[in-house]
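Colleague: My structure is below; once you've seen it, I'll send some questions.
The values are calculated or read from the model by the stated rules, or taken from the named source; none is laboratory data. These numbers come from a predicted model, not from an experiment. Every residue, glycine as well, gets a Cβ built from its backbone with ideal geometry; the counts of neighbours run over all protein chains shown.
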Amino acid sequence: MIYLDNNATTQVAPEVLEAMQPYLSKFFGNPSSAHTLGREMKQAVERAREEVAELLGAADASEIVFTSCGSESDNWAIRGVLAAEPSKRHVITTQVEHEAVRNLCRLLENDGYEVTWLGVSETGELNLEELRSALRPDTALVSTMLANNETGVLFPIEEIGQIVRQRSQALFHVDGVQAVGKIAIDLKRSDVDLFALSGHKLHAPQGVGALYVRNKISLAPFIIGGAQEQRRRAGTLAVPNIVGLGAACRLAQYDNCHDIIEKLRNKLEDGILEQIPNARVNGTRDRAKRLPNTSNISFDYVEGQNILAHLDEAGICVSTGSACHSTTHESSATLRAMNVPYTTAQGSIRFSLGRYNTDADVETTLRLLPEIIEKLAAMSPYIP
Ligand code: PLP
């Protein structure tokens, strides 16, 4: 199998599995327990917190709170800020956020909040002037992603943070789920107040995430119960998963394979564009402004779902980049916001590479894909 769907989820790294194993067998205590076994678990959690903090460039490990996934981290950040500042009823976000932010912000609108939805250009980039003029005295929160899950386009969070800090009293939340482990991050040098990440996007298991909460930020808890995580997030900690997240962060920090992954991605993207007529990249062509592992490519006149199915049959896993939801056949909100025409958006495929891809994976994909596209295009009802 050739796995080119690393933005959906990643394989648990052997190093991560090895670090987790003792905590799935002999170390089974509750980290809140006062006995020796409990204390051992607690120490493991605190080691993992240090490892996450180091990868994010947090000033202090106490700024990291463990959660169950990226969606929880995003939801908590947004709801937590609004609950702590009930008089402020305005939120700014973008039209291309992941559903974890987008659908929550839609819900907030139903609850009487005013949401400003920043648009993007045809290359998927933000216009920071729009942000400047959207900020108001009653803006509680600005929430943007760092890296788009579908196109890999990066938003300039340093500049956004500066604008938010200089022009308002609002807090700045970043959905960093797709960026962590793929590019360098240094939160202590930024104006980011809250930053969400998810373990399964960087070779930790599914079911663990974290939220960075800058020191002194007051955030109402989201899950109410016991006193875990300094009373910020109740619930018995998932120690094996947290240990796995720590190990994954260590791997991403010291052995991240970024250069190799980027070379493979570039070879794949260049090869597709050279060999397949009517193939085009969705998102900026300036690769420095995109994640190094992602290529979202549209193949005119063919359906992404059909390409996916043919690649799947050949043992190659990709995603349609949410371009076509199986139930609605709607184009993805991200591609719509970028003004990608409907038929182009329908033919979009997201290739997302990772640390276990090889040159042979790219070669095989480049050998099989042109034939698949040619075959599907020949049957296409869209060809003018
Ligand atoms: N934010 C972004 C940008 C994502 O890509 C995802 C998952 O794909 C999430 C949030 C949600 O993360 P999780 O699957 O851990 O809930």
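Colleague: Check the range 262-276 and report whether any residue there is within 30 Å of residue 72 (Cβ to Cβ), surrounded by 15 or more Cβ atoms within 10 Å (Cβ to Cβ) and over 20 Å from the mean Cα position of the chain (by Cα).
Modeller: Within the range 262-276, not a single residue is within 30 Å of residue 72 (Cβ to Cβ), surrounded by 15 or more Cβ atoms within 10 Å (Cβ to Cβ) and over 20 Å from the mean Cα position of the chain (by Cα).
Colleague: Could you tell me whether residue 181 is surrounded by fewer than 24 Cβ atoms within 10 Å (Cβ to Cβ), under 21 Å from the mean Cα position of the chain (by Cα) and over 18 Å from residue 63 (Cα atoms)?
Modeller: The answer is no for residue 181.
Colleague: I'd like to check something: does the range 10-22 contain any residue that is crowded, with 19+ Cβ neighbours inside 10 Å, of a type in the set (A, V, I, L, M, F, W, C) and in contact with a Pro (Cβ under 6 Å, 6 or more places away or on another chain)?
Modeller: Yes, there is a match, as at least one residue in the range 10-22 is crowded, with 19+ Cβ neighbours inside 10 Å, of a type in the set (A, V, I, L, M, F, W, C) and in contact with a Pro (Cβ under 6 Å, 6 or more places away or on another chain).
Colleague: Do the conditions hold for residue 236, that is, is it in contact with a Ser or Thr (Cβ under 8 Å, 6 or more places away or on another chain), more than 16 Å from the ligand (Cβ to nearest atom) and not in a helix (DSSP H, G or I)?
Modeller: yes
Colleague: Of all the residues that make up the range 17-58, how many are out of contact with any Asp or Glu (no Cβ under 6 Å at 6 or more places or on another chain) and either small (Gly, Ala, Ser) or within 16 Å of the ligand (Cβ to nearest atom) (or both)?
Modeller: 13
Colleague: What are the residues in the range 268-300 that are assigned to a loop (DSSP other than H, G, I, E, B) and within 14 Å of residue 148 (Cα to Cα), if any?
Modeller: 282, 283, 284, 291, 292, 293
Colleague: So which residues in the range 52-80 are buried (at least 23 other Cβ atoms within 10 Å of the Cβ) and over 19 Å from the mean Cα position of the chain (by Cα), if there are any at all?
Modeller: 63, 80
Colleague: Got a sec? Which of 91, 96, 101 is closer than 28 Å to residue 209 by Cα and in a loop (DSSP other than H, G, I, E, B)?
Modeller: Just a single option satisfies the conditions, and that option is 96.
Colleague: With respect to the numbered conditions (1) in contact with a Gly (Cβ under 8 Å, 6 or more places away or on another chain); (2) within 13 Å of the ligand (Cβ to nearest atom); (3) within 30 Å of residue 281 (Cα to Cα), which one is the sole condition not fulfilled by residue 72?
Modeller: Residue 72 satisfies all of (1) in contact with a Gly (Cβ under 8 Å, 6 or more places away or on another chain); (2) within 13 Å of the ligand (Cβ to nearest atom); (3) within 30 Å of residue 281 (Cα to Cα) except (3).
Conditions (1) away from the ligand (no atom under 16 Å from the Cβ); (2) surrounded by fewer than 24 Cβ atoms within 10 Å (Cβ to Cβ); (3) closer than 26 Å to residue 24 by Cβ, marked per residue:
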| residue | (1), (2), (3) |
| --- | --- |
| 161 | yes, yes, no |
| 168 | yes, yes, no |
| 171 | yes, no, no |
| 186 | yes, yes, no |
| 203 | no, no, yes |
| 215 | yes, yes, no |
| 228 | yes, yes, yes |
| 240 | yes, yes, yes |
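Colleague: Moving on to the next point. Taking the range 81-103 as the region of interest, how many residues are over 16 Å from the mean Cα position of the chain (by Cα) and either within 12 Å of the ligand (Cβ to nearest atom) or surrounded by 24 or more Cβ atoms within 10 Å (Cβ to Cβ) (or both)?
Modeller: 3
Colleague: Then there is this: Step by step: first the residues of the range 301-320, then only those that are modelled with pLDDT of 95 or more and part of a loop (DSSP other than H, G, I, E, B), then the one that is surrounded by the fewest Cβ atoms within 10 Å (Cβ to Cβ). Which residue is that?
Modeller: Result: 315.
Colleague: Mind checking which residues of the range 17-40 are in contact with a helix residue (DSSP H, G or I) (Cβ under 7 Å, 6 or more places away or on another chain), within 28 Å of residue 185 (Cβ to Cβ) and either part of a helix (DSSP H, G or I) or without any contact (Cβ under 8 Å) to a residue 40 or more places away in the chain (or both)?
Modeller: 19, 20, 23 - these are the residues of the range 17-40 that are in contact with a helix residue (DSSP H, G or I) (Cβ under 7 Å, 6 or more places away or on another chain), within 28 Å of residue 185 (Cβ to Cβ) and either part of a helix (DSSP H, G or I) or without any contact (Cβ under 8 Å) to a residue 40 or more places away in the chain (or both).
Listed here are the residues, each with its yes/no results for (1) modelled with pLDDT under 95; (2) touching a Phe, Trp or Tyr at 6+ places or on another chain (Cβ under 9 Å); (3) among the basic types (Lys, Arg).
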site	(1), (2), (3)
106	no, no, yes
115	no, no, no
122	no, no, no
134	no, no, no
142	no, yes, no
150	no, no, no
153	no, no, no
165	no, yes, yes
169	no, no, no
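Colleague: Let me ask something else. Under 7 Å between Cβ atoms, which residue pairs at least 6 apart in sequence (or on different chains) link something in the range 102-122 that is of a type in the set (Gly, Ala, Ser) with a partner that is part of a loop (DSSP other than H, G, I, E, B) and surrounded by fewer than 18 Cβ atoms within 10 Å (Cβ to Cβ)?
Modeller: Final answer for the pair search is 112/89; 119/95; 121/127.
Colleague: Out of everything in the range 1-16 that is away from the ligand (no atom under 16 Å from the Cβ) and not in a helix (DSSP H, G or I), what residue ends up being nearest to the chain's Cα centre (by Cα)?
Modeller: Here the answer is 13.
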